[in-house]
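Here the structure is laid out as structure tokens; the discussion comes afterwards.
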Amino acid sequence: MRFTLRQLEYFIAAGQTGSITLASERIHISQPSISTAIAHLERELSVQLFVRHHAQGLTLTPIGREVLREAKALVEQAEGLYTLASEAGGQVRGPLSLGCMVTLAPMLVPELAHAFTTAYPATQIRYVEGDQEQLITGLRRSETEVALTYDLHVPDDIHFTPLVDLPPHVLVAEGHPFAEQAAVALADVVDEPMILLDLPLSREYFLALFMAEGLQPRIGARSAHQEVVRTMVANGHGYTLFNVRPRSDLALDGKRLKRVRLAGTHRPMRIGLARLKQLNRSRLVEAFETHCRAFISDAYIPGMVAPAIERRVPR
């Protein structure tokens, strides 16, 4: 072979992102290095892997899609040699492909990943964010080995290890009439404009809370971006329902938000680890799951106010 695994990794990144720029950002390699690697593979294999669109990225050719599938399998097999060696030597080492729910990633991943790689210096964590459907697809395609997510419609072929429950709460602007109340019910907010977090399965979860009480919320606006929802709420556009509890009570524009307990009994969102049932856990995945169980609990959640702590804070 006159190509390297490193060149295949660069090609895989470009094929998965459809962009030299995005591939560069994902694997932290310069754009010229990625372009050079792709050009070398095309010369060596005597095929065109991509159609180049000026200012619009890349599209895999039919043979490019075939090569991408084989390249991913080859790189995974090569990485398996590290896993095999570490298993034999009782070591925890190698790269871990981690998926994370997009609303959880900014709070959980930085502290969690840093603590893990500090404890196990021979490991690396490669993570991607996505909504629930994207994370499940990533596990099934072996693009990720494990995912930090919620127990939202977990399919039968996915094993889910629960870590902590996050009950829903109401989020309002600092000056909102509900801001100083100890708790509000869904019936209290139903006629107010709701700023809905519009992600697959997440939106169904929030709307189902109203349906369970025979209520229909008045949707004032929607956004798939958590910080957009928070900033709109902070500016008085309406209220929202959230489960995550960032330690900062400020929106991105500096305006203050207030969390208010949601009265009644409601199904919480449960954070946990998802993985494909049919795949045997490596020592690396086992170590990461143990790390997560020690790091995420009712008493402590990276980047968040833990439920047990919030229950002890007087209003």
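The values are calculated or read from the model by the stated rules, or taken from the named source; none is laboratory data. The model shown is predicted, which means the values in this text are computed figures rather than measured ones. Cβ atoms come from the backbone with ideal geometry, glycine included; neighbour counts cover every protein chain shown. Note: areas computed on protein heavy atoms with side chains; ligands, DNA, RNA excluded. Shrake-Rupley method; radii C 1.70, N 1.55, O 1.52, S 1.80 Å.
Of all residues in the stretch 31-61, those satisfying the criterion of being part of a strand (DSSP E or B) and more than 15 Å from Ala71 (Cα to Cα) are Val51, Arg52, His53, Gly57, Leu58, Thr59. Counting only strands (runs of 3 or more DSSP E) that sit wholly inside the stretch 204-280, those with at least 2 residues that are under 23 Å from the mean Cα position of the chain (by Cα) and of a type in the set (D, E, K, R) are 269-276.
Test of understanding: among Thr103, Thr118, Thr59, Thr83, which residue is under 30 Å from Phe3 (Cβ atoms), hydroxyl-bearing (Ser, Thr, Tyr) and modelled with pLDDT of 90 or more? Give the derivation first.
On the way: Thr103 fails: under 30 Å from Phe3 (Cβ atoms); Thr118 fails: under 30 Å from Phe3 (Cβ atoms); Thr83 fails: modelled with pLDDT of 90 or more.
Step by step, each of Thr103, Thr118, Thr59, Thr83 is checked, and only Thr59 is under 30 Å from Phe3 (Cβ atoms), hydroxyl-bearing (Ser, Thr, Tyr) and modelled with pLDDT of 90 or more.
Only residues that are more than 12 Å from Arg93 (Cβ to Cβ), out of contact with any Leu (no Cβ under 6 Å at 6 or more places or on another chain) and open to solvent by 40 Å² or more (accessible area, probe 1.4 Å): list them for the stretch 120-142, please.
We begin by selecting, within the stretch 120-142, every residue more than 12 Å from Arg93 (Cβ to Cβ); these are 125-142.
This time we only want the ones that are out of contact with any Leu (no Cβ under 6 Å at 6 or more places or on another chain), so: 126, 128-130, 133-138, 140-142.
Answer for the stretch 120-142, where residues must be more than 12 Å from Arg93 (Cβ to Cβ), out of contact with any Leu (no Cβ under 6 Å at 6 or more places or on another chain) and open to solvent by 40 Å² or more (accessible area, probe 1.4 Å): Arg126, Val128, Glu129, Glu133, Gln134, Thr137, Arg140, Arg141, Ser142.
Report yes if some residue within the stretch 192-199 is open to solvent by less than 30 Å² (accessible area, probe 1.4 Å), in contact (Cβ under 8 Å) with a residue 60 or more places away in the chain and either in a strand (DSSP E or B) or of a type in the set (Asp, Glu) (or both); otherwise report no. Within the stretch 192-199, one or more residues are open to solvent by less than 30 Å² (accessible area, probe 1.4 Å), in contact (Cβ under 8 Å) with a residue 60 or more places away in the chain and either in a strand (DSSP E or B) or of a type in the set (Asp, Glu) (or both).
Residues in the stretch 96-117 that are touching a Phe, Trp or Tyr at 6+ places or on another chain (Cβ under 8 Å), more than 27 Å from Leu197 (Cα to Cα) and of a type outside the set (A, V, I, L, M): Phe116 only. As a summary of the residue check, Pro155 satisfies the conditions (1) under 23 Å from Gly99 (Cα atoms); (2) not in a loop (DSSP other than H, G, I, E, B) except for the one numbered (2).
How many residues are charged (D, E, K, R), modelled with pLDDT of 90 or more and within 19 Å of Pro95 (Cβ to Cβ) when one looks only at the stretch 24-56?
The initial filter retains those residues of the stretch 24-56 that are charged (D, E, K, R), namely 25-26, 42-44, 52.
Adding the requirement that they be modelled with pLDDT of 90 or more leaves 42-44.
Imposing the further condition that a residue be within 19 Å of Pro95 (Cβ to Cβ) reduces the set to none.
Selection size over the stretch 24-56: 0.
Would you mind stating whether Gly220 is open to solvent by 60 Å² or more (accessible area, probe 1.4 Å) and without any contact (Cβ under 8 Å) to a residue 40 or more places away in the chain? In short, no. Scanning the stretch 172-185 finds no residues that are hydrophobic (A, V, I, L, M, F, W, C), modelled with pLDDT of 95 or more and in a helix (DSSP H, G or I).
If the condition is being in contact with a helix residue (DSSP H, G or I) (Cβ under 8 Å, 6 or more places away or on another chain) and either without any contact (Cβ under 8 Å) to a residue 24 or more places away in the chain or charged (D, E, K, R) (or both), then the stretch 1-16 contributes Arg2, Arg6, Glu9, Ala13. Of all the criteria given as (1) free of Cβ contacts under 8 Å to residues at least 40 places away in the same chain; (2) within 30 Å of Glu70 (Cβ to Cβ); (3) open to solvent by 10 Å² or more (accessible area, probe 1.4 Å), the one not satisfied by Ala187 is (2). Scanning the stretch 26-38 for residues that are surrounded by 13 or more Cβ atoms within 10 Å (Cβ to Cβ) and not polar (S, T, N, Q), we see that the one that is farthest from Ile12 (Cα to Cα) is Ile29.
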